[in-house]
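Below is one structure, written out as structure tokens; the observations come after it.
Each reported figure results from applying straightforward, stated rules to the coordinates on display, with no laboratory input. This is a predicted model, so every value here is computed, not measured. Note that we place each Cβ from the backbone using ideal geometry, even for glycine, and neighbour counts take in every protein chain shown.
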Amino acid sequence: MSKGELKKLRITAYKDDKFTEKAGDGEFTSLLNPEKYIFKYKVEYSEAQGQGTSATAPKFVRTVPEDLDLEFLFDRTGVLKGQDNKNGDGIIDDIEKFRRVVFDYDGDEHKPFYVMIGWGTLLFKGSLLEMSIEFKLFAPDGTPLRAVARAKFKGTVEDDLRVAKENNNSPDLTHVRTVMEGDTLPLMTFKIYGDSKYYLQVAAANKLTNFRRLKPGQKIHFPPIEKVS
């Protein structure tokens, strides 16, 4: 694609949160690209404290998936090239197409489809949180010819991608580590869980027949464990 080629924002609907199974009529291309889009991030803290104790600093709980705010223009006034009102239905079909992609419910899940939104460097995965449509211009018979849809989407991240992004050493998460020269299973286990005594559980989870001879480049999975004293 050349640098001067116009690329439209596209929304694709999926039935699953792995974004592998597309919905039947699940693709919408924007009439005009947005002038802006807004990401919103939120960090959750716990402020609970024990009875009779002095106040303590809020404790980090987690970062929640980001929100994405977008506006979409629908126009059949003829102002935009190729966007007139020949069929007399105004923007009704356009809005119905948009609604089927971002708002319709998956019959099995009883929830809106998951959507992937792509445009330029924007690649967002999530589902619709809320939407409003403002009708702004009408034909003499009352048929809407122009509207602005404002939509907010809640982000979602697949479990394996979330682990890769967070990349911390919480024992509550599954980790994958690459064996380096000089690594031993007890040493790697200690780095993940803070205690080397769980190395036999790790060996069993990876079906290692000889955990004393790890090979550099080998991948080791460190699953969530229940710590024991």
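Annotations for the structure displayed:
- In summary, L123 fulfils each of the numbered conditions (1) assigned to a strand (DSSP E or B); (2) in contact (Cβ under 8 Å) with a residue 12 or more places away in the chain with the single exception of condition (2).
- Residue selected from region 182-195 under the condition in a helix (DSSP H, G or I) and loosely packed, with under 15 Cβ neighbours inside 10 Å, by the criterion farthest from the chain's Cα centre (by Cα): L187
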